[in-house]
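Below is one structure, written out as structure tokens; comments come after it.
What follows is calculated from the coordinates using simple rules that are stated; it is not laboratory data. Since we're looking at a predicted model, the values are computed, not measured. Positions of Cβ are generated from backbone atoms using ideal geometry, with glycine treated the same way; all protein chains shown enter the neighbour counts.
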Amino acid sequence: MTGSYGQIGTELIEELRARYGGENVIATGRKKPPEILRKDGPYYRLDVLDNDHLHNMLVDYDIDIIIHNASVLSAVGEKNPQLAYRTNVEGAYNVLEAARILKMDQVMIPSSIAAFGPSTPKENTPNDVIMRPTTAYGVSKVFIELWGEYYVERYGVDFRSLRYPGIISSETLPGGGTTDYAVEIFYEALKNKEYTCFLAEDAMLPMMYMPDCIKSTIDLIEAKEDNLEHRSFNVTAMSFTPADIAAEIKKHIPDFEIHYEPDFRQKIAESWPRSLDDSAAREEWGWNPDYDLAAMTKDMLETLSKRLGLKY
Ligand code: SER
């Protein structure tokens, strides 16, 4: 896995190691990793832009499947589009090329709701629909989907992709996205009983709790290739606005207060779907989420308050 110390990577590595054995799941990234990534299996430094090193690792460690999670997210991508291009487009190109040349068994590269744009229907957005994103991150995700699907047809590479919605989790903070508010809000609610949101109160976006994110990823990796009509799938578990999640948190922390100071990320949010139709994922590989807004909020507050040692 690339990008292993990211929000999704750290928790996905743990689950993959529990399932397939620690030694069989190699965590990689550019930084010195948190202890958790060295605990049950190997961690190596890898920059996906270093093509030679990427090929060496795949051959030397006899890798079958690459999960390519390294990515610059939407908000950071708007601050530095050239970095988003290099990391997201060139990085994914290197990984897909390595999969083709080395005849890997499978390549999983996440896509995102950011792959959609202002001209996409916003409610119950279908799997196959006009995309035309307006962020550097979104453009890079469309490239990944289309280049991956091209390699499926042209070279028989087993490419798979999930269009993740905003992911809410308690272990590792997200790294510079537009949906990060839905994680930050829990930390601030527990620490200060107050949160200033960088999106407007009615900015509805599709979301998913980390256990569902892990489940969807592993289910798609393990799905029989013959069952897949698509290669890039909408997945979702819930949709909510900042006002909705604040009201849900208030049920547990009655004096919690939210304020709104929308910044440049509001425009990004407005260009994305408000809800997704994930019926292709449900039909082709049995996707079915476990957590709605109420169940996620309860679990987040319990888990995070234990971890931070804060009562509520
Ligand atoms: N969570 C991501 C972001 O906000 C969306 O894929 O950038």
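Residue separation of residue 31 and residue 295 scaled by 0.36 nm, minus their Cα-Cα distance, works out to 91.7 nm of gained length.
Modelled spin-label separation between residue 194 and residue 257, with each label point placed 7 Å from Cα along the Cα-to-Cβ direction: 0.6 nm. Would you kindly give the portion of the calculated P(r) for the stretch 158-284 that falls above 24 Å, as a percent of all Cα pairs? That fraction is 34 percent.
Under the simplified labelling scheme, the residue 40-residue 267 pair shows an inter-label distance of 4.4 nm, with each label point 7 Å from Cα along Cα→Cβ. Scattering from the stretch 81-178 was approximated by placing one identical point on each alpha carbon and applying the Debye formula without solvent; log10 I(q)/I(0) at 0.10, 0.21, 0.23 1/Å stands at -0.30, -1.13, -1.24. Counting only Cα atoms, the size of the chain along its three principal axes is 57, 44, 37 Å, in decreasing order. One chain, two ends: residue 202 and residue 18. Fully extended at 0.36 nm per residue, the span grows by 62.3 nm beyond their Cα-Cα distance. Close amide-amide hydrogen proximity is noted between residue 233 and 161, 162, 163, each under 5 Å apart and 5 or more residues distant or on a separate chain (H modeled in the peptide plane; Pro and chain starts excluded). Once the chain from residue 122 to residue 103 is taken as fully extended at 0.36 nm per residue, the excess over their C-alpha distance is 3.0 nm. Exposed loop GluC sites (Glu not before Pro) only (DSSP loop, at most 13 other Cβ atoms within 10 Å): please give the longest stretch of the chain free of them, not including the sites. Formally, the longest exposed-site-free interval is 124-228. Using a Förster distance of 30 Å, how high is the FRET efficiency between residue 86 and residue 146, based on the Cβ-Cβ distance and rounded to 0.05? According to the calculation, E is roughly 0.95.
By the Kirkwood approach, averaging reciprocal distances over each pair of separate Cα atoms, the stretch 1-111 gets a hydrodynamic radius of 14.1 Å. Between residue 130 and residue 51, how high is the FRET efficiency from 1/(1 + (r/R0)^6) when r is the Cβ-Cβ distance and R₀ = 35 Å? Nearest 0.05. Between residue 130 and residue 51 the formula returns 0.55. Pairs to check: 141/298; 141/215; 32/103. Give those whose C-alpha atoms are more than 23 Å from each other in this structure. Check vs 23 Å cut-off fails for 141/298; 32/103.
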